[in-house]
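Peer 1: Submitted below is the structure of interest, expressed as structure tokens.
The values are calculated or read from the model by the stated rules, or taken from the named source; none is laboratory data. Note that the structure is predicted; figures quoted are calculated from it, not measured. FYI the Cβ positions are ideal-geometry reconstructions off the backbone, even for glycines, and counts take in every protein chain you see. These accessible areas exclude ligands, DNA and RNA; they are computed on the full protein's heavy atoms, side chains included. Shrake-Rupley method; radii C 1.70, N 1.55, O 1.52, S 1.80 Å.
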Amino acid sequence: MATKVSFVTPMRVKVETEMGDTFFLVYHSKMNYEINQKYDGAFIKCMADVFDKYYTDDTGEVWSNIRAILWRTSYDNWFLVEEDRDEERERIGKRIRELRKMQGIDGKSLAQQVGIDAGNLSRIEQGRFSVGFDTLSKIASVLRMRVDFVPVNGEEYGEHK
């Protein structure tokens, strides 16, 4: 079992796949949590097995397969799936700090030019603050960059897995 599944709250489950993707599944009720408590981790074991068997980076049919299995096993299906964005915020923040330092701009000066508080810039650079597109564009402009969609893991533009 490579996928890790855990309850964050009785109605929110964190799924970390063996491919490194992290999702939060949100439920309407505490039913799965209660089943998991009563039957020695049965829900978590089932979810991990299902994700290990069916989850791939081609998400076309993956989610419907997983939902179908949960329905057949009488577990409550989620109503919301959220991807974990912490890692992406940290990567972007680190890149902003790197570019700022390479250009010899201190944090206070960049924050001032962008029109944000220096503390907020610090939180952005640490990946602890989710920044809006307008602010991100202003930061990029001051750093003589632009916000762009770039390929992940060296994939070519237009490829979709």
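Peer 1: Kindly provide the set of residues from the stretch 9-45 that are among the hydrophobic types (A, V, I, L, M, F, W, C) and more than 16 Å from residue 76 (Cα to Cα), ordered by number.
Peer 2: 19, 23
Residue by residue, here is whether (1) surrounded by 15 or more Cβ atoms within 10 Å (Cβ to Cβ); (2) more than 30 Å from residue 138 (Cβ to Cβ); (3) acidic (Asp, Glu) holds:
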| site | (1), (2), (3) |
| --- | --- |
| 51 | yes, yes, no |
| 70 | yes, yes, no |
| 75 | yes, yes, no |
| 82 | no, no, yes |
| 86 | no, no, yes |
| 90 | no, no, yes |
| 99 | yes, no, no |
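Peer 1: Restricting the search to the stretch 97-123, which residues are modelled with pLDDT of 95 or more and among the hydroxyl-bearing types (Ser, Thr, Tyr)?
Peer 2: Residue satisfying the conditions is 109 alone.
Peer 1: State all residues of the stretch 131-156 that are over 21 Å from residue 108 (Cβ atoms) and either at pLDDT below 80 or outside any loop (DSSP other than H, G, I, E, B) (or both); if no residue qualifies, say none.
Peer 2: Selection gives 133, 149, 150, 151, 152, 153, 154, 155, 156.
Peer 1: Being crowded, with 20+ Cβ neighbours inside 10 Å and among the small types (Gly, Ala, Ser) is the filter here; which residues of the stretch 32-49 pass it?
Peer 2: Matches in the stretch 32-49: 48 only.
Peer 1: Which residue is nearest to residue 95 (Cα to Cα), if the candidates are limited to the stretch 117-148 and must be over 24 Å from the mean Cα position of the chain (by Cα) and open to solvent by less than 40 Å² (accessible area, probe 1.4 Å)?
Peer 2: 143
Peer 1: Regarding the stretch 12-21, can at least one residue be identified that is at pLDDT below 90, open to solvent by less than 50 Å² (accessible area, probe 1.4 Å) and assigned to a loop (DSSP other than H, G, I, E, B)?
Peer 2: Among the residues of the stretch 12-21, at least one is at pLDDT below 90, open to solvent by less than 50 Å² (accessible area, probe 1.4 Å) and assigned to a loop (DSSP other than H, G, I, E, B), which makes the answer yes.
Peer 1: So, one more: Working carefully through the options 29, 6, find the one that is hydroxyl-bearing (Ser, Thr, Tyr), exposed (fewer than 15 other Cβ atoms within 10 Å of the Cβ) and in a loop (DSSP other than H, G, I, E, B).
Peer 2: Of 29, 6, the one residue that is hydroxyl-bearing (Ser, Thr, Tyr), exposed (fewer than 15 other Cβ atoms within 10 Å of the Cβ) and in a loop (DSSP other than H, G, I, E, B) is 29.
Peer 1: Another question, if that's okay. Any residue in the stretch 140-161 that's closer than 29 Å to residue 56 by Cβ: show its pairings with residues that are assigned to a loop (DSSP other than H, G, I, E, B) and at pLDDT below 50 at Cβ separation under 9 Å, as long as the two are six or more apart or on different chains.
Peer 2: Correct list of pairs: 149/157; 150/157; 151/157; 151/159; 155/161.
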